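Before any comments, here is the structure.
The values are calculated or read from the model by the stated rules, or taken from the named source; none is laboratory data. Predicted, not measured: the structure shown is a model, and the values here were computed from it. Note: ideal-geometry Cβ built from the backbone for every residue, glycine included; neighbour counts use all protein chains shown.
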Amino acid sequence: MTLLTRYTALNVLFVITCIPVVTIGPALTALYSTVFAYNDHEDINLHREYLKRFKREFLPGLLSSIIFLVLAALIIFGFAWIAYAKSLVLLRAFDKFSDPNKAQEQLTYVNSSASL
């Protein structure tokens with residue numbers, strides 16, 4: 001088999017093991033370690049090596065993918081919260097222009113140096 005055929009078969013195997021979303025971390029870990037092992041020793045069988053490493057790296061890869069998903073969720077939640085807070089500020093700022101009675105009101109400013 002040529003190198004292109006081997007890597008294509010390895011990629012198909014990687015996609016099949018990524019079908020359950022939970023196994024993306026272990027599959028990615030096994031893929032990286034298999035490719036690096038192939039670069040060191042070119043006489044290995046990629047399919048068997050990938051499946052062996054997938055089984056061996058399942059729990060550490062699962063833990064790292066859970067940590068990654070939690071961090072990604074926190075970042076997305078933070079951006080959503082910031083966007084929501086900005087929209088509230090903008091609604092407050094333009095609230096007085098939506099009601100004609102509020103638009104007529106004058107704001108009074110207190111000069112703090114006037115009492116000195």
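Examine the stretch 63-73 for a residue that is in contact with a Phe, Trp or Tyr (Cβ under 9 Å, 6 or more places away or on another chain) and crowded, with 16+ Cβ neighbours inside 10 Å, and state whether such a residue exists. Within the stretch 63-73, none of the residues are in contact with a Phe, Trp or Tyr (Cβ under 9 Å, 6 or more places away or on another chain) and crowded, with 16+ Cβ neighbours inside 10 Å.
Considering the stretch 39-49, and only residues there that are out of contact with any Leu (no Cβ under 8 Å at 6 or more places or on another chain) and at pLDDT below 90, the residue that is surrounded by the most Cβ atoms within 10 Å (Cβ to Cβ) turns out to be ILE44.
The set of residues in the stretch 1-38 being under 26 Å from the mean Cα position of the chain (by Cα) and exposed (fewer than 14 other Cβ atoms within 10 Å of the Cβ) consists of ASN11, VAL12, VAL15, ILE16, ILE19, PRO20, VAL21, VAL22, TYR32, PHE36. The set of residues in the stretch 40-60 that are in a helix (DSSP H, G or I) and closer than 16 Å to THR8 by Cα comprises LEU46, HIS47, ARG48, GLU49, TYR50, LEU51. For beta carbons closer than 7 Å, sequence separation of 6+ or different chains, a first residue in the stretch 63-89 that is under 22 Å from VAL21 (Cβ atoms) and a second that is β-branched (Val, Ile, Thr), the qualifying pairs are SER65/ILE24.
Residue count for the stretch 3-35 under the criterion of being within 18 Å of SER65 (Cα to Cα) and part of a helix (DSSP H, G or I): the result is 17.
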